[in-house]
């Protein structure tokens, strides 16, 4: 047999197994298989009947553990028991067999003994209606069959024989009546166990407390034969949150939807004390607290049971179950309710932990993004310029990164612009980005150095101050020159391995300022860089950006730049703010796992 065939149950099925205490407590024999007919569980009654240990059969194909003898097989070679299993799996309905001869080998001696059985197979469905488990109820009727066959084999039918025949007939009738009653009880237990398994599977899909409440209050009445249910859990605003089933009425939800933590109501007391509160009669409820009179009047339910939801001594709430008439609770019912409460408590704890983790992660992301945006200050430049900036965090991940922009006026009156990208897109990259951006500001503020020289100095400072990172950047300076009484402007820029800026003229012509880029920062502080110069006419714009705007895993960088050029050309006459929004909106649908910075300069 392959190792795959012996694989233990899945995590979803493992959640179900925690609820098999009810099955283990039953005197009837039950065998549980998955949809591939691998053994998942067997209760002690079954194991004792077939002489096996649970560890020896779990995870194995059922017909490897119990191979059919030749006399068991049909004329066409089919195994009738397997046929019954397959029929139940295919139809999703229980399948009962007539008395079945299925010989069993002794696990120690290997000797095969003749055995007769009564089999009923019941499928367990998940929320989508798929069969995930198959529960077989088994009864050994070998003695019954042998007794009947021995009686019919007699040939000397004298008075003693007739008397014995009548006696056996009476015993058979009495046994049939007993079996009928027992069968009904077992069928009810099987339905409840099946319902418990289905509820446990449904709970594994719950992602919010609201999901959990909907599953429990929706399934509890049918599972327990009750007439309504409620889930009591901690309220974020203090006290207890109560969610009741629709059958109890909206007015009940409005009246009892919230209880104080120290409420005398039985649901709150079970949650606080971690003990069952059982109120089988109206008298018992009124003796518990006079406030139950209002509950009886509002719900028209005369019996209540409240089971605490406890995980490792932590009290999370309680499960409430109601009946229309006064109701005595059997041990089987209490075991079943305890099993459901245990599953509910585990799920509730899982959801609370997941909610707390999500809230903490979201708080960290908000803080990180706010911190990054606080470092990306809005530029303040002269009246003859319009400058717009945008920052978009990565679509996934830490929501911060190493992309940045800057625009400021130096001590000498020059307008300096920069866009850069630190390797990585997480909080570490954001921290390094703050260092590099601040270094450039400090170097450039009281300096008249050209952009190329500023990049060289920044590279040397990063090495000297042990800012261990790689980065790309474009640094540009807006220059003004007067000729023949007319002021003319030009842009001087240098590029350290960064995507090229775009020059947008008023007539819609777009030029990619793609002079050969020099070496990126952080690789070789001795590398030299060159300045480039381009004239700017009135109404011209320059678009600076980081690679998150144009880089995609499934296309070349040149294709991304060409797409951006086409977008910018269509909106050449737009203001700096409008153009910034347009280029971001155009790439919003394909935003990836990289953050993006955009800076648009427009001459009025």
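Each value in this text was obtained by applying a stated rule to the coordinates, not by laboratory testing. This structure is a prediction, so every number in the text was calculated from the model and none was measured. Cβ atoms come from the backbone with ideal geometry, glycine included; neighbour counts cover every protein chain shown.
Using only the Cα atoms of region 376-603, build the gyration tensor, take square roots of its eigenvalues as a ≥ b ≥ c, and label the shape rounded, prolate or oblate: rounded if a/c is under 1.5, else prolate if a/b is larger than b/c, else oblate.
Details: a/c = 1.63, a/b = 1.07, b/c = 1.53.
The shape class here is oblate.
With r defined as the distance between the Cβ atoms of residue 470 and residue 208 and R0 fixed at 56 Å, what FRET efficiency is calculated, to the nearest 0.05?
Numbers: r = 43 Å, r/R0 = 0.76.
The pair residue 470/residue 208 has a calculated efficiency of 0.85.
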Determine the gain in length on full extension of the stretch residue 37-residue 490; use 0.36 nm per residue of separation and subtract their C-alpha separation, reporting nm with one decimal. 155.2 nm
For region 451-580, rounded, prolate or oblate, judged on the Cα gyration tensor with a ≥ b ≥ c (square roots of eigenvalues), a/c < 1.5 rounded, else prolate if a/b > b/c? oblate
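Quick one: order 355, 347 by neighbouring beta-carbon count within 10 Å, fewest to most. Intermediate results must be reported in sequence, preceding the final value.
On the way: 355 14, 347 24.
Least to most surrounded, the residues fall as 355, 347.
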Got the relative contact order for region 376-603 handy, in percent, Cα pairs under 8 Å and 6 or more residues apart? 26
Estimated FRET transfer efficiency when R0 is 25 angstrom, pair residue 262-residue 286 (beta carbons, to 0.05): 0.80
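Give the Rg/Rh ratio for region 209-357, taking Rg as the radius of gyration of the Cα atoms and Rh as the Kirkwood radius, to two decimals.
Values: Rg = 14.0 Å, Rh = 15.1 Å.
Over the Cα atoms of region 209-357, Rg/Rh equals 0.93.
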Net length gained if the chain between residue 69 and residue 512 were fully extended (0.36 nm per residue, minus Cα distance): 151.2 nm
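Would you kindly state how much longer the chain becomes between residue 273 and residue 300 on full extension, computed as 0.36 nm times their sequence separation minus their alpha carbon distance, in nm to one decimal?
7.1 nm
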Please give the Cα centre distance for region 232-263 versus region 27-55, rounded to the nearest Å. 41
Projected label distance in nm at residue 83 and residue 577, using a 7 Å step from Cα toward the beta-carbon: 8.0
Whether region 51-116 is rounded, prolate or oblate, judged on the alpha carbon gyration tensor where a/c under 1.5 counts as rounded: oblate
